[in-house]
């Protein structure tokens, strides 16, 4: 419980810091780079190294590559849909979360499980 | 277009917008730990690249741009959507850098000093992301 609370506080702080950097930068396309900053990864890996060691954290990094591929497809789709259709950002970004889950899980299964 | 820093945008952001991003970021980080503990580092690692605050950020950008346009008496819906779309395109470029971050972590974390690997991987994320952004802009 205390470890989850520490993860919550550290994660929230690092994610917020990267989000604020993105807020103050222009142009928008450049600021958007910070929407894919490794903020959750830095917080999680730092905690994992302390609790479970370097090898365990390294294994998390391996499957994170599948998550990053899924992020690319998720953000590209979100960008195209918002540009082309009259859907609100919240609707598009939330409805595409299953796409991220599917691609990340699919790539992980195909590359490392099968 | 040159890269600029504009601190006035921070005044447009209300305290609850910061709180939402803090809570989402914190929840996903805590959740990634719980998932890794329950299902192992393979499944847990996927969530290190979860678009944790992407919906909140896109909504915030859309709202800011819409309000800016509406303050001049114009309809701002299309402008808001377009700004959120451009930001998302930037994030897709940043995710290429995120892939290289994960590659470095997976290859070097187990055998090198952690702070050097994490610092180097973060620098590589930024370098690759900016390079992809510049190539995309030049095309």
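The values are calculated or read from the model by the stated rules, or taken from the named source; none is laboratory data. Worth saying up front: this structure is predicted, and the values here are computed from it rather than measured. Positions of Cβ are backbone-derived with ideal geometry, glycine not excepted, and every protein chain shown enters the neighbour counts.
Just one residue in the set A:67, A:105 is surrounded by 20 or more Cβ atoms within 10 Å (Cβ to Cβ), outside the structural domain of residue A:34 (by TED's automatic domain parsing) and assigned to a helix (DSSP H, G or I); that residue is A:67. Criterion first (buried (at least 16 other Cβ atoms within 10 Å of the Cβ) and either under 29 Å from residue B:134 (Cα atoms) or within 7 Å of chain A (Cβ to nearest Cβ) (or both)) does residue B:91 satisfy it? It is true that residue B:91 is buried (at least 16 other Cβ atoms within 10 Å of the Cβ) and either under 29 Å from residue B:134 (Cα atoms) or within 7 Å of chain A (Cβ to nearest Cβ) (or both). Taking region A:78-88 as the range and being surrounded by fewer than 24 Cβ atoms within 10 Å (Cβ to Cβ) and either part of a helix (DSSP H, G or I) or not assigned by TED's automatic domain parsing to the domain that holds residue A:114 (or both) as the test, the residues that pass are A:79, A:80, A:81, A:83, A:84.
Residue check: is residue A:51 more than 7 Å from every other protein chain (Cβ to nearest Cβ), more than 19 Å from residue B:82 (Cα to Cα) and in contact with a helix residue (DSSP H, G or I) (Cβ under 7 Å, 6 or more places away or on another chain)? Yes. Quick check, is residue A:5 modelled with pLDDT of 90 or more and more than 7 Å from chain B (Cβ to nearest Cβ)? Against the criterion (modelled with pLDDT of 90 or more and more than 7 Å from chain B (Cβ to nearest Cβ)), residue A:5 qualifies. Of all residues in region A:37-47, none are touching a strand residue (DSSP E or B) at 6+ places or on another chain (Cβ under 8 Å), in a helix (DSSP H, G or I) and within 28 Å of residue B:1 (Cβ to Cβ). In this structure, residue A:18 does satisfy being assigned to a helix (DSSP H, G or I), more than 7 Å from every other protein chain (Cβ to nearest Cβ) and either within 12 Å of the chain's Cα centre (by Cα) or closer than 15 Å to residue B:126 by Cβ (or both). Residue A:75 meets the stated requirement of being in the same structural domain as residue A:106 (by TED's automatic domain parsing) and in a helix (DSSP H, G or I). Residue count for region B:11-64 under the criterion of being within 7 Å of another protein chain (Cβ to nearest Cβ) and outside any helix (DSSP H, G or I): the result is 5.
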